[in-house]
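Asks: Just passing along the structure, written as C-alpha cells.
Every number here is computed from the coordinates shown, using simple stated rules; none is lab data. None of the values given here were measured: they were computed from a predicted structure. For neighbour counting, all protein chains shown are included, and Cβ atoms are generated from backbone atoms with ideal geometry for every residue, glycine included.
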Amino acid sequence: MLRHDLPQDVVVEILSRLPVKSLMRFNCVHKSWYALMRSHHFITKHHKFATSNNLGRGVVFKYRTSKGHLCVSLLSNDTLEVSRDVDLLSLFPDKIDGLHCIYGPYNGIFFLQGLYKGENVEDLVLWNPATRESKVLPEIKRSRRYDSGKKFCFKFGFGIDPNTNDYKVLRIVDFYGRQQLQFEVYNLCTDSWRVIDSSLSKLYNIYSPSFPSYLNGFHHWKAAEICMKARRKGKLFPEHGPTRLFIVSFDMSNEVFLETPLPTVPRAAGFIGQNIAVINDSVSLIVGYCDTRNLDINWFDIWVMSSEIGVERTWTKKFKVEGSGLAFGDRLLEIREDGLVLLHKNDGSLAVYDRKTQELRKFAKYGNQFYESVAVTYTETLAFMNGGRNLSE
Amino acid sequence: MKFCAVKQYFDDENNNNITSGASTTMIPLPNVESHPLAILITYCKKHLKIKANNADNKKETEKEMEQYEQELLKKVMPQELTELILAANYLNFKEALDFFCRAVASAIQNKSIEFVRKFFGLESDFELGEEEKLREEFAWSFEGVDED
C-alpha cells in the first residue's frame, strides 16, 4: 500500500494519536513498535496528546450495591455507562472485600489500598486501568518500633517526584495520637520502602483523602490537631474541645512537610463536613451544608488555597455549588471543568449537574449512594510499571 | 504562511536581496506531487477562510473545520492519505499533518496486526513464540477487531 516509507517521526505522530487498547494490540506488529511504546518520550507524548484533546478519558467508579457488595467499574466519561467491571481479584494477591481508598490518578496511574473484613491489609497495588497492568507493592518489613503492642493504622499518599519522574507512595503510620506519626516512602524505581526522618510540628489525626489530593509534586491531607493535656500519673490524654484543622502537605521531592491551618468556615447554617480536593489544578476545600430548617436546601462552598512558592498559603472562598439540583442525601463525587458537578443522587442514579444553568441530567442507577461511593476521572496512559518485559535477543 | 518550507524559501530569498516579484518566483518542490499539493492548498485556503469568517468564535471555527474535514475524508482514498502526510510533512504544514495523522490513526485503530503491517510495509521480526506470548498477554486488546 505504501509507495514510500513513512519517516519514523511521522509514524510516531500517527501512533501517538491511537487509543491505548489499539497500541497494546500493536505491540505485536514489530519489535521497534514494542520498544517505542516503552520509551519515556513516546509515553509522555501520547499522554499529552490525549490530555489536551480530551481523548481516552474514563471514570473509575467505586460503589456498593444495595446489598453492600463492593463494585469497581470503569465508566465512559460521556455516557457514564459501564465500559467494563474491574475484577479486583485479578489486581490484588489476597481476597479483599473493600477498597479503603483510591489514590490518584497521577497521569492515569492509581494507587489502591485493599481492605479485608474492615482491616487494613498489606495489599497495596499500583494500577493502570488503560493497559490493565497492575503491580503489587512489596511488603514493608516491620520495624521493631511498631511491634511494641501499640495500636496503629496506615494512611497513604501517592504521586510523583517531579525531579526524578518516579512514582512514590508515602505511608503514614498513625498511632491514634499516642505518639508522633512515622513515615515510610516507596519508590517505584527501586521497588522498595525506606523509613524517612521527616516529622510534623504537631500531633495530628490525619484523614484519608476522599478526593484526589496530589498536585504539582505535593500530596495533601486534612489533619486535626491533637492537643495533649497531662493528667495524673504522667500519662498524656488528648484534650477535648474544638479541633483545629490543618492541611498537611508532603513535598514528594524534598520529602518534607508543610502545615497550614484550614480556613475557619461558617458553621452556623447546617455545616455537614469539609474535605480537601484538587479541583482544576488548585488545592481546594469542599465544605458541605444542609439547611437544618429545610433539608431540601443543600449547597457546597469551594475554597481555594493560594499556591505561590515562598508565599504564605492562604485560603479564599471561590464559588458555591447550589441550586435545586442538589437534594438531601446526594453525594458529591467530582467537581469538573466547565462548571459541571458529578453527583451520586439519593436515589442511586449518577447525575451531572451544571451549576451555571442549574440543569440536572440523570444517568443510570448504581447501587446505593448511602455507602461511600467514589468517582475519579482519568486520562489513559501507556505507562508500564513492571519495566516492560525484555524480549529474548 | 502555513507552508513553512515555502516560507523559509521566501525568507531566504529576501535575505539574498533578490527582488523578483513573489508571483513570478518558481519554487521547486521535488518531494511533493501535484495531486496532494493541490489538496493541501485547498485545505489551507479553506482553513484560512473559515478562520476569517468566524473571527472571534473559536468553537465555530473548530466545528466548521470538522465538517469540512469529514467531507474531505470521504473523497480521499486511504492510499492517498500517506502521500498527503508525506507532502504535509515536507512542507512543514502542521495543521494538515495533524489532521491527516489523526485520519490515519482513526482508520487503523480497530484493524488487525496483519492489516497494520501491510499498511506500514512492515514484517514481523519477532522470534518464534515471542509473538504468541504477546498475543496471549494482551488478548483483551484483540476483542472487537475489524475483520480484514
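Asks: When B:85, A:279 are ordered from fewest to most other Cβ atoms inside 10 Å of their Cβ, what list results?
Replies: Working: B:85 24, A:279 20.
Ascending number of Cβ neighbours within 10 Å: A:279, B:85.
Asks: Something else: How shielded is B:81-88 by partner chains, expressed as the average number of their Cβ atoms within 10 Å of its Cβ atoms? Can you show the working numbers first?
Replies: Values: counts 2, 8, 3, 0, 6, 7, 0, 1.
Neighbouring Cβ atoms belonging to other protein chains average 3 per residue here.
Asks: Report the relative contact order of chain A, percent, no decimals, based on alpha-carbon pairs under 8 angstrom and at least 6 residues apart. The partial results should precede the final answer.
Replies: Values: 813 pairs, mean separation 60.7, N = 393.
Relative contact order comes out at 15 percent.
Asks: Same structure again: Taking chain A as a Gaussian network, where each spring joins two C-alpha atoms under 10 Å apart, which residue of A:214, A:289, A:34 fluctuates the most?
Replies: Of A:214, A:289, A:34, the Gaussian network model singles out A:34 as fluctuating most.
Asks: For the protein assembly as shown, build the charge dipole from Cβ charges (+1 Lys, Arg; -1 Asp, Glu) around the Cα centre, then report which of B:3, A:368, A:126 sits farthest towards its positive end.
Replies: The one lying farthest along the dipole's positive direction is A:368.
Asks: Order of A:261-273, A:151-163 by packing, highest average Cβ count within 10 Å first? Provide the component values of the computation, followed by the final result.
Replies: On the way: A:261-273: 12.9, A:151-163: 18.4.
Those peptides, ordered most packed to least, come out A:151-163, A:261-273.
Asks: Given springs between every Cα pair under 10 Å in a Gaussian network model of chain A, which of A:245, A:295, A:360 has the largest fluctuation?
Replies: For chain A, modelled as a Gaussian network with Cα springs under 10 Å, the answer is A:295.
Asks: Sort the following peptides by mean Cβ neighbour count (other Cβ atoms within 10 Å, averaged over residues), highest first: B:55-61, B:45-51. Let's see the in-between values first.
Replies: Details: B:55-61: 10.6, B:45-51: 14.3.
Ranked from most to least packed, the peptides come out as B:45-51, B:55-61.
Asks: OK, next. Per-residue counts of other Cβ atoms within 10 Å, averaged by peptide: what ranking do you get for A:342-354, A:193-205, highest first?
Replies: On the way: A:342-354: 19.5, A:193-205: 15.2.
Result, highest mean first: A:342-354, A:193-205.
Asks: Sticking with this structure for a sec: For the range A:1-139, state what percent of all Cα-Cα pairs lands in each successive 10 Å bin, counting from 0 Å until the bin that includes the largest distance.
Replies: P(r) over the range A:1-139, rounded to whole percents: 10, 35, 30, 17, 6, 2, 0.
Asks: Find, to one decimal place in angstroms, the Kirkwood hydrodynamic radius of chain A, where the mean of 1/r is taken over every pair of different Cα atoms and then inverted.
Replies: On the way: mean 1/r = 0.0437 Å⁻¹.
After inverting the pairwise mean of 1/r, the radius is 22.9 Å.
Asks: If I take the Cα coordinates of the range A:160-291 and project them onto the principal axes, what are the three extents in Å, biggest first?
Replies: Rounded to whole Å, the extents work out to 46, 45, 18 Å.
Asks: Based on alpha-carbon atoms only, what is the radius of gyration of the range A:308-355 relative to the globular estimate 2.2 N^0.38 Å? Intermediate values should be presented prior to the final figure.
Replies: Working: Rg = 14.3 Å, N = 48, 2.2 N^0.38 = 9.6 Å.
Compared with the compact-globule rule of thumb, the range A:308-355 sits at 1.50.
Asks: Which whole number gives the average, over all residues in B:134-143, of C-beta atoms from other chains lying within 10 Å of the residue C-beta? Present the calculation step by step, with values, prior to reporting the outcome.
Replies: Working: counts 8, 3, 0, 6, 9, 2, 6, 12, 4, 2.
Mean partner-chain Cβ count within 10 Å for B:134-143: 5.
Asks: Partner chain Cβ atoms within 10 Å, averaged over the residues of B:98-110 - can you pull that number for me?
Replies: Shielding by partners across B:98-110 averages 5.
Asks: State the Kirkwood hydrodynamic radius of the range A:55-94 in Å, one decimal place, computed from all pairs of distinct Cα atoms.
Replies: One over the average 1/r among Cα pairs gives 11.1 Å for the range A:55-94.
Asks: Continuing with this model, one more query. From the phi of every residue in the range B:113-130, what ³J(HN,Hα) in whole Hz does the Karplus formula 6.51 cos²θ - 1.76 cosθ + 1.60 yield, where θ is phi - 60° and glycine or proline is x?
Replies: Karplus values, whole Hz, x for Gly and Pro: 4, 5, 4, 5, 4, 4, 4, 9, x, 10, 10, 4, 10, 7, 6, 4, x, 5.
Asks: Run lengths n ≥ 4 of DSSP H only: what is the helix-derived mean residue ellipticity at 222 nm for chain A, with -39500 (n - 2.57) per run over all residues, to the nearest 500? Display every interim value, and only then the final one.
Replies: Working: 5 runs with 37 residues, N = 393.
Theoretical 222 nm ellipticity from helices: -2500 deg cm²/dmol.
Asks: In the range A:1-50, if the dipole is taken from +1 on Lys/Arg beta carbons and -1 on Asp/Glu beta carbons about the Cα centre, which of A:8, A:46, A:24 is farthest to the positive end?
Replies: A:24
Asks: If you don't mind, there's one more thing I want to ask. Which links in A:151/A:222; A:45/B:51; B:74/B:94; A:317/A:356; A:67/A:168; A:345/B:59 stretch past 24 Å when you go from one Cα to the other? Provide the component values of the computation, followed by the final result.
Replies: Values: A:151/A:222 21 Å; A:45/B:51 28 Å; B:74/B:94 21 Å; A:317/A:356 17 Å; A:67/A:168 36 Å; A:345/B:59 32 Å.
Result: A:45/B:51; A:67/A:168; A:345/B:59 exceed 24 Å.
Asks: Output the 0 to 90 degree angle, nearest 10, between the alpha-carbon long axis of helix A:40-52 and the longest principal axis computed from the alpha carbons of chain A.
Replies: On a 0 to 90 degree scale, this one is about 70.
Asks: For residue A:372 and residue A:67, calculate 0.36 nm times their separation in residues minus their Cα-Cα distance, and state this gained length in nm to one decimal.
Replies: On the way: separation 305, 0.36 × 305 = 109.80 nm, distance 1.34 nm.
Separation in residues times 0.36 nm, less the Cα-Cα distance, equals 108.5 nm.
Asks: What is the magnitude of the charge dipole of the range A:5-108 about its Cα centre, with +1 placed on the Cβ of each Lys and Arg, -1 on the Cβ of each Asp and Glu, and no other charges, expressed in debye to the nearest 20? Provide the component values of the computation, followed by the final result.
Replies: Working: 13 positive and 9 negative charges, 21 e Å.
For the range A:5-108, the charge dipole is close to 100 debye.
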